[in-house]
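Heads up: the structure comes next, in structure tokens.
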Amino acid sequence: MKKAFIAPLIVLLLASYGDAARLVSVKDLQARSYKNHTRVVIETDRVVEFIQNRLVDPDRLYFDLKNCTLRKKASSLPMENGILKKVRIAQFDKNTVRVVLDVRKLETFYAFMLERPYRLVIDVYDRKDAAQSSKKEEKIIEPGLDGIKTIVIDPGHGGDDPGAIGPNGLQEKDVVLHVGKKLGDILASKNGVEVIYTRDKDIFIPLNERTEIANSKKAGLFISVHANASPRGDARGVETYFLNWTNDAEAMKVAARENKISFKKMRKMQGDLQLILQDLARKNKNEESMKLASSVQSAMVNTLKEDYGRIEDLGVKYALFYVLVGAEMPSILIEISFISNHEEEKRLSGESYKDKLAEGIASGINSYIAQATPVISPVKLSEKDKDKSAPSQRKRIKRERTLNKGPKRTGDSI
Ligand SMILES: [Zn+2]
């Protein structure tokens, strides 16, 4: 590697969210390798301001966490195979904790703060994967659906986190657990796929662990189920999200609520993370997530309309949902109705509406899986292939139309 490759010092001012006088406590260091990347997680008790840098001879990344104190002793995590050799953490000076990642074959990395719990996440990717993914994108856009054997279903909230609460006291955590389990039953019995739940009872699972379960099981799809809420009592309808940067205020409000942060903080964090997010979204199989969201949204709406009136289709949208960050498979978050709306809360409190929702979502997942024919990139299309691919192209156009029902697209999506 060339000396000239030394990365410039990049300063990421993620936040200065008050309480600056007290040092931030660095509580834990963990690292885990997945198929395509290694994730290093540094747990803290507040948002951390940090700088990052890459050095050569030996190749290493380091992160200086400002105004921090290391709660434990300095330590080092050896990494057997893969991208990193070792991860080290130590108190560098009175106010700085330094984390060093000794590199074996790193191509690119992203560092960002997440919350609940507060943690600095560093995702590192190796050379081989980066080369392979760009090669694949050049030739063919593969849905890769034949490989879907496992689906992770993530009923939101749980335990001491009730999620949104309806005017008559119905709790989101109970509603989404019912829908999630019913959905799992349908998928397992009709499709023969293995279903894994992030939770199948009333317990709380931290947001980051939810996608980690899906990654470690090499799941084909990740489906997070939530119920919506709004201060406007008349807000109603169903909508489906995938991960991406957005400037749509309504979508940001939904994400802020699900992330348990204020709207103001959500807006700031989005601004700070814009570039990182766009790339994360790409790695998140973004195009596939969008297709999955579109398929689920329309099936859910159509299925509900069979038995119920006044079903509002709020469309497919995107925003920064913590629970989707880091998923290595197509992943979506469904808002199955507004628990804050009197009529929808009443519907959600009965079994038949919840079962109908599960049926609709399952049908959307099925039609997504059924679109197994690879979509050939138009650039590579020969005259001979044009006829064969025409139905896929038509399907594509139809999907794009469905998507236009969502928030106005700004040209910043992937
Ligand atoms: Zn929720």
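Annotations for the structure displayed:
- Each residue in segment 171-195 was checked for being surrounded by fewer than 17 Cβ atoms within 10 Å (Cβ to Cβ) and among the aliphatic types (A, V, I, L, M), and 1 pass.
- Residue in segment 83-92 that is of a type outside the set (Ser, Thr, Tyr), part of a loop (DSSP other than H, G, I, E, B) and closer than 15 Å to TYR34 by Cα present: yes
- Residue in segment 278-295 that is more than 15 Å from the ligand (Cβ to nearest atom), more than 28 Å from PHE109 (Cα to Cα), buried (at least 23 other Cβ atoms within 10 Å of the Cβ) and of a type outside the set (Val, Ile, Thr) present: yes
- Answer residue from segment 147-164, given it is outside any strand (DSSP E or B) and on the phi < 0 side of the Ramachandran plot and is farthest from the ligand (Cβ to nearest atom) among those: GLY147
- Residues considered: ARG39, ARG60, ARG22, ARG32. Of these, the only one that is among the basic types (Lys, Arg) and at pLDDT 90 or above is ARG60.
- Filter result (crowded, with 22+ Cβ neighbours inside 10 Å and more than 16 Å from the ligand (Cβ to nearest atom)) within segment 309-331: VAL316, TYR318, GLY326, ALA327, MET329, PRO330
- Scanning segment 165-210 for residues that are of a type outside the set (A, V, I, L, M, F, W, C), modelled with pLDDT under 95 and within 15 Å of the ligand (Cβ to nearest atom) returns PRO206, ARG210.
- Residue count for segment 219-247, restricted to those that are under 15 Å from the mean Cα position of the chain (by Cα) and over 19 Å from GLU345 (Cα atoms): 12.
Residue by residue, here is whether (1) within 15 Å of the ligand (Cβ to nearest atom); (2) assigned to a helix (DSSP H, G or I); (3) not assigned by TED's automatic domain parsing to the domain that holds ASN228 holds:
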position: MET300; (1), (2), (3): no, yes, no
position: LEU333; (1), (2), (3): yes, no, no
position: SER337; (1), (2), (3): yes, no, no
position: GLU344; (1), (2), (3): yes, yes, no
position: ASP355; (1), (2), (3): no, yes, no
position: ALA362; (1), (2), (3): no, yes, no
position: ASN366; (1), (2), (3): no, yes, no
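- All positions within segment 332-345 that are surrounded by fewer than 24 Cβ atoms within 10 Å (Cβ to Cβ) and small (Gly, Ala, Ser): SER340
- Some residue of segment 258-267 being modelled with pLDDT of 90 or more and out of contact with any Pro (no Cβ under 9 Å at 6 or more places or on another chain): yes
- Residues located in segment 248-257, provided they are within 15 Å of the ligand (Cβ to nearest atom), free of Cβ contacts under 8 Å to residues at least 60 places away in the same chain and either in contact with a Cys (Cβ under 7 Å, 6 or more places away or on another chain) or of a type in the set (A, V, I, L, M) (or both): ALA256
- Leading residue by the ranking (nearest to PRO330 (Cα to Cα)) among those in segment 214-247 that are more than 16 Å from the ligand (Cβ to nearest atom), buried (at least 17 other Cβ atoms within 10 Å of the Cβ) and not hydroxyl-bearing (Ser, Thr, Tyr): LEU221
- The set of residues in segment 221-269 being of a type in the set (Lys, Arg) and part of a helix (DSSP H, G or I) consists of LYS253, ARG257, LYS264, LYS265, ARG267, LYS268.
The values are calculated or read from the model by the stated rules, or taken from the named source; none is laboratory data. Given the structure is predicted, the values throughout are model-derived calculations rather than measurements. Methodologically, a virtual Cβ is constructed for each residue, glycine included, from the backbone with ideal geometry; neighbour enumeration extends over all protein chains shown.
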